[in-house]
There are 2 protein chains.
Amino acid sequence: MRLALEEAGAPYVDIALLPEKEGGGAPAIVRYLQDKGAKRPPFAPPFLKAGRQVIGQTANILLYLGERHGLAPRDAAGRAWVNQLQLTLVDFVAEIHDTHHPLGPSLYYEEQKAEAKKRTTAFLASRLPKFLDYFERVIERNGAGPWMVGRRLTYVDLSMAQVLAGLEYAFPSATRAALRKRPRLARLHDAVFARPRIRRYVASGRRLAFNNDDVFRRYPELGG
Amino acid sequence: MRLALEEAGAPYVDIALLPEKEGGGAPAIVRYLQDKGAKRPPFAPPFLKAGRQVIGQTANILLYLGERHGLAPRDAAGRAWVNQLQLTLVDFVAEIHDTHHPLGPSLYYEEQKAEAKKRTTAFLASRLPKFLDYFERVIERNGAGPWMVGRRLTYVDLSMAQVLAGLEYAFPSATRAALRKRPRLARLHDAVFARPRIRRYVASGRRLAFNNDDVFRRYPELGG
């Protein structure tokens, strides 16, 4: 989502990163979620406020941004295909999240370490290769250079690169080994992070580093 | 998805239910998924073939059908809101699925019964009420009775009713108790299943009964 805003050069304020005394941080997010006057309340972060419209759910936000900022194909079938790939990535990310939270989000990681170990083992053995093989095939079938859909970068390429970067944080050796066998994904990742605006963004220090409070977590005891 | 096609009165063939000798069943689905000539292969079922376009991911299929069959608002902001709610329902369904598969889809239920029990307990105690409270609030804030968005039924109402029916199969007493406390959801469920075309569909016998090979499963040992 942030990569899409950066690639588009769209001005935005990242409320989560804004200091609390400037009206940002976690309290500001909670205020939005609990606003009793909201006609269309989001269930959870992330959400985007664009004028008076509040848009929730990552794939929905990207659908909105992609259309407005030239990060999606112009034809309806192409847009549906990008949305389909984005939703498949959302499923993939949910499974990545579940490696450290197999018993769900209502318990801490420390309360489910044994189960997390089992789930991670199954994930690395069968789900990670299955998803990565699929996305590698999508690039191959597209047949037009580093991207997943058509000849120009779309928002799902940004999401794919972000997921690969997150996987490299969470499971460094498993991911490096997987990418050596999937050159198209490796090339897509590098092509995204070589985009001038994305490079400037990463160099700016504004990009939040991966950390163990988020979806992608590094717990060496889980393996990978 | 099937409820949307039925409510729209759209002609369709349910390939999964078609006998194998007529070119249907599981082999036909696998053939689509493994078709080496497919430019845009889906990752997994369900998918919809509409003319030459193959559309995957439930929320994406409903986005497509909703627009074409009058099951979505006409304005872009309304359509985005329906998509957002649908994606929140997809998240909810993923958590419902994980109650019987906390260690992931690559192991059988029988291999993860102890973990499933723990996850179900956490789900019933905290996630089920959180999601249902949210959807109840969405109907309340909409303020235009029984539906979630606007004054007319949209596809997300059909999805919501289907999820409630699935929950009643999987966790009968927990769901009945939850709906007694959330009258708007109970009313939405009844309003959907009272629609003439939905009633005819249910009465026809063509609707697949809930069963333990699918997302919603009844395992009394898990509780609920």
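Quick notes on this one:
- For the range A:2-68, the gyration tensor built on C-alpha atoms gives an oblate shape. Its axis ratio a/c (a ≥ b ≥ c) is at least 1.5, and a/b is not larger than b/c.
- Taking the label point 7 Å along Cα→Cβ, A:HIS97 and its counterparts in the other copies are spaced 1.4 nm apart, in ascending order.
- Gyration tensor verdict on chain B (Cα atoms; rounded if a/c is under 1.5, prolate if a/b is larger than b/c, oblate otherwise): oblate
- Its DSSP H runs of at least 4 residues, each contributing -39,500 (n - 2.57), put the calculated 222 nm mean residue ellipticity of the protein assembly as shown at -17000 deg cm²/dmol, to the nearest 500.
- A Förster distance of 30 Å, applied to the separation of the beta-carbon atoms of A:GLU20 and A:TYR109, puts the FRET efficiency at 0.70.
- Checking every one of the trypsin sites (Lys or Arg not before Pro) in the range B:160-210 against DSSP loop status and a limit of 10 other Cβ atoms within 10 Å picks out no site at all.
- Taking a Cβ cut-off of under 14 Å around A:ASP91, the surrounding Lys, Arg, Asp and Glu residues balance to a net charge of -3, with basic ones at +1 and acidic ones at -1.
- Inter-copy separations for A:GLU67, label at 7 Å along Cα-Cβ, nm, ascending: 0.6
- Distance between the 7 Å Cα→Cβ label points at B:ASN212 and B:ASP133: 3.3 nm.
- Summed residue charge, Cβ within 15 Å of A:ALA76's Cβ, Lys/Arg positive, Asp/Glu negative: +3
- In straight-distance terms, cross-link reach from B:LYS117 covers every one of the lysines whose alpha-carbon lies under 30 Å from its own, apart from those fewer than eight places away in the same chain; here that gives A:LYS113, A:LYS117, A:LYS118, A:LYS130, B:LYS130, B:LYS181.
- Net charge in the neighbourhood of B:ARG127 (other residues with Cβ under 12 Å of its Cβ; Lys, Arg +1, Asp, Glu -1) is -2.
- Between copies, the label points at A:LEU33 (set 7 angstrom from Cα along Cα-to-Cβ) are spaced 3.4 nm, reported in nanometres from shortest to longest.
Read the figures in this text as sums done on the coordinates, not as results from a lab. Computed from a predicted model, the values in this text were never measured in an experiment. Cβ sites come from the backbone with ideal geometry, for glycine too, and all protein chains shown count toward neighbours.
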